[in-house]
Amino acid sequence: MGSYEAAAARWKAAKDAGRPVGEPPLNVEQRAGARPFLEAALVRARGIQRGDSAPQIAQAVKAAGLSAVMLVVGAGGTGKSAMVHTLKRRMEESGAGYLVVTAYTGVATAAFGGPTLLALMSLGILCKGARDVKQLKPTEIATARAKFASECGVGIENVGGIVIDEVSFIAAAVFVRLRGAGADEERLSA
C-alpha cells in the first residue's frame, strides 16, 4: 500500500470512529501540483527575510528549478479546490505568506472568501486586454495597496501567492500588463 493509500485509510478509520479528522490527505496528483507552488513561496519568503530584491528572488526561484507561475487544470470534482484549501493552510503554517484566491466572478471566490479579480485589481467588467489595465502613478500606489488590503484582509507584503480561478475569462495580455505594473511598483518602492 502506498503512502497516500495508507494516509487515506488512517483518515477514513478515524472519521468512521468519530474522531476529529480535518481535511482528507491530498492524492498523488494534488501533492505533485501543490508541492512546487509551496516550495516557490518558501524560496520567496526566505529571500524577503534576507532582504533580497525582486529580481534576486525570481532568480532564486528559477535556480531551484521552480516557476513563479503555475497552471492547474482539471474537470470539476478532480480536487483543485481541495488542493488550494490545503495550500492556503500550509502556506500560513510554514511562514510562506498568505494565499490570496481570486477569480473573475464572485461565485468562484466564495468558497475561499476572496475578492473578485476585477475588484482586487480595480479592473472594469469589460477589461479584456492590456489597454484596459490602468498603470498606477507613484502617488496612487499607497491607495492601491490599501484597497488590496481591504479586499484581501491582508497587505500585499504578506502575500506568498495568488490563485486566479477562471483564468480563461481574462486575456493573457492583462496578466502581462499587471505583472509589469508589479515590477514598476517594486522599482518605485525601492
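The values are calculated or read from the model by the stated rules, or taken from the named source; none is laboratory data. This is a predicted model, so every value here is computed, not measured. In this analysis, Cβ positions are derived from the backbone assuming ideal geometry, glycine residues included, and neighbour counts consider all displayed protein chains. The area values use the complete protein model at the heavy-atom level, side chains included, leaving out ligands, DNA and RNA. Shrake-Rupley method; radii C 1.70, N 1.55, O 1.52, S 1.80 Å.
Quick notes on this structure:
- Extension gain, residue 67 to residue 168: 0.36 nm times the residue separation minus the Cα-Cα distance gives 34.4 nm.
- Using the Cβ-Cβ distance between residue 19 and residue 85 with R0 set to 30 Å, the FRET efficiency from 1/(1 + (r/R0)^6) comes to roughly 0.90.
- Sequentially through segment 26-42, phi angles give Karplus couplings (6.51, -1.76, 1.60; θ = phi - 60°) of 6, 7, 4, 5, 5, 5, 5, x, 6, 4, x, 5, 5, 4, 5, 5, 5 Hz, Gly and Pro residues having no value and appearing as x.
- Inter-label distance, residue 75 to residue 32: 1.8 nm, where each label sits 7 Å from its Cα along the C-beta direction.
- Of 42, 117, the residue with the largest accessible area leads and the full order is 42, 117 (1.4 Å probe).
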